[in-house]
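Asker: I have a structure I would like to understand better, so I am pasting it below and will then ask my questions one at a time.
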Amino acid sequence: QVQLAESGGGLVQAGDSLRISCVASGRGFSTNAMGWFRQAPGKEREFVASINRWGIRANYRDSVRGRFSISRDNAKNTVSLQMNSLKPEDTGVYYCAQNYGADWSGQIAAWGQGTQVTVSS
């Protein structure tokens, strides 16, 4: 029943920063872990980051750790991804995902429609 809507994608240069956000409507946001995935053309969708329901535990794929930061605001039903020092290999469609349960398990209950992030060299 939950609906997720991403925003904030765009075209940036390598080294730039970008913040993308996901607003949830419906049931379950404040009680479930959230995450971000991305998919580059011709590539498999890959995990980027996750955050538990309380916003106190986060996980990142190795290639973005130290550059990306995930956060959530349960009062606003929003999860965000701050992306710094962007690289061309970060290019892709970024998808917001709602997890089943309070801690991240990779069992996705809902997907957003995606927002395009393009990083030029």
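Asker: Where in the stretch 81-121 are there strands (runs of 3 or more DSSP E), lying wholly inside it, with at least 1 residues that are open to solvent by 60 Å² or more (accessible area, probe 1.4 Å) and farther than 15 Å from residue 10 by Cβ?
Answerer: 108-111
Asker: For the structure I just gave you, tell me whether residue 57 is under 28 Å from residue 121 (Cβ atoms) and open to solvent by 60 Å² or more (accessible area, probe 1.4 Å).
Answerer: no
Asker: Quick one: residue 94 ticks every box in (1) over 15 Å from residue 20 (Cα atoms); (2) at pLDDT 95 or above bar one, so which box is it?
Answerer: Result: residue 94 fails condition (1) only.
Asker: Among the numbered conditions (1) on the phi > 0 side of the Ramachandran plot; (2) touching a residue at least 24 places away in the same chain (Cβ under 8 Å), tell me where residue 55 comes up short.
Answerer: Here residue 55 meets the rest and fails (2).
Asker: Do we find a residue being over 18 Å from residue 6 (Cα atoms), β-branched (Val, Ile, Thr) and open to solvent by less than 40 Å² (accessible area, probe 1.4 Å) anywhere in the stretch 68-80?
Answerer: No, every residue in the stretch 68-80 fails to be over 18 Å from residue 6 (Cα atoms), β-branched (Val, Ile, Thr) and open to solvent by less than 40 Å² (accessible area, probe 1.4 Å).
Asker: So the check is Cβ under 9 Å with 6+ separation or different chains; which pairs have a first residue in the stretch 94-109 that's over 19 Å from residue 81 (Cβ atoms) and a second one that's among the hydroxyl-bearing types (Ser, Thr, Tyr)?
Answerer: Final answer for the pair search is 101/31; 102/31; 107/100.
Asker: Tally the residues that are surrounded by fewer than 19 Cβ atoms within 10 Å (Cβ to Cβ) and farther than 12 Å from residue 96 by Cα, restricting the search to the stretch 19-44.
Answerer: Total meeting the criteria: 12.
Asker: Provide a single number: the residues in the stretch 93-121 that are under 12 Å from the mean Cα position of the chain (by Cα) and small (Gly, Ala, Ser).
Answerer: Residues in the stretch 93-121 being under 12 Å from the mean Cα position of the chain (by Cα) and small (Gly, Ala, Ser): 3 in total.
The values are calculated or read from the model by the stated rules, or taken from the named source; none is laboratory data. In this text the structure is predicted, and so the values were computed from the model without any measurement. We place every Cβ from the backbone using ideal geometry, glycine too, and count neighbours over all the protein chains shown. Please note that ligands, DNA and RNA were not included when accessible areas were found on the heavy atoms of the full protein model with its side chains. Shrake-Rupley method; radii C 1.70, N 1.55, O 1.52, S 1.80 Å.
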